[in-house]
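Below is one structure, written out as structure tokens, with a few remarks after it.
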Amino acid sequence: EKIISGFRISKIPGYEKRKFLETEEPTADTGIRWLELIYEAILLKKTKEITYRRFNSTDNKMHVLSPYVIREYRNRWYVTGYSELADDVLTLALDRVIDVKDSADTFHATDFDEHSYFKYAFGVTTYNGIQPSTVQLLFNDEQRGYISSKPLHDSQKIIVDERGFLVELECYLTPELEMAILSYGEKVKVLGPVELSAARIALVRP
């Protein structure tokens, strides 16, 4: 909207109803309605009472959250912060938030660094106290140009040898990683680790 308004296209005769810039539109609730409240809480270091319902659950939980950072992943919005209920830093999907209210609790100040926290995350899932894994993926050569120009992960390394086009990642074995690999179908083979190979086999099994 800012780009279009900057060019004032709507004021040019004959261009009022034409659309020159298209973005991917979400097909469901993305939680965007909570963004302003959460963003303000981060700036002002204020806690929020967040009523939350996880996927595949009918129970609501109330997190008194000290929000640190907002992230977007595949048209969904997430907030990461310290939860008094969990007594830990966690990530909540904003489309699963039922309500957000002000809280009188003291903001849980830390030296939280989002770059370090998400360094080994694939998607938005992180695992505290767990070491990342070295993931090796052997792709068909036709995928070389796409994956070279659009890395799967910040840690991506490309190795081309007698085996073919090999991509190496240093990350957590997350559900998002498994789904990303599955999206390539037969164009990729998981060389390691064993846990990921087994998980992929289980996912495609009827």
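Here are the numbers:
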{"quantity": "Long-range amide H partners of CYS171 with built H, under 5 Å", "calculated": "SER133, VAL135"}
{"quantity": "Integer Hz, Karplus 6.51/-1.76/1.60 couplings in order for region 93-103, x for Gly and Pro", "calculated": "7, 5, 6, 9, 7, 8, 7, 10, 10, 5, 10"}
{"quantity": "Neighbour-limited loop hits for trypsin sites (Lys or Arg not before Pro), region 129-193 (at most 12 other Cβ within 10 Å; DSSP other than H, G, I, E, B)", "calculated": "ARG163"}
{"quantity": "Region 33-145: Rg to Rh, with Rh as the Kirkwood radius over Cα pairs", "calculated": "1.05"}
{"quantity": "Where GluC sites (Glu not before Pro) fall in DSSP loop in region 56-162, at most 10 other Cβ within 10 Å", "calculated": "GLU162"}
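Any read-out appearing in this document is the output of simple, stated calculations on the displayed coordinates, not a laboratory observation. What you are looking at is a predicted structure, and each value in this text was computed from that prediction instead of being measured. Reconstructed Cβ throughout: ideal geometry from the backbone, glycine too, with neighbour counts over all protein chains shown.
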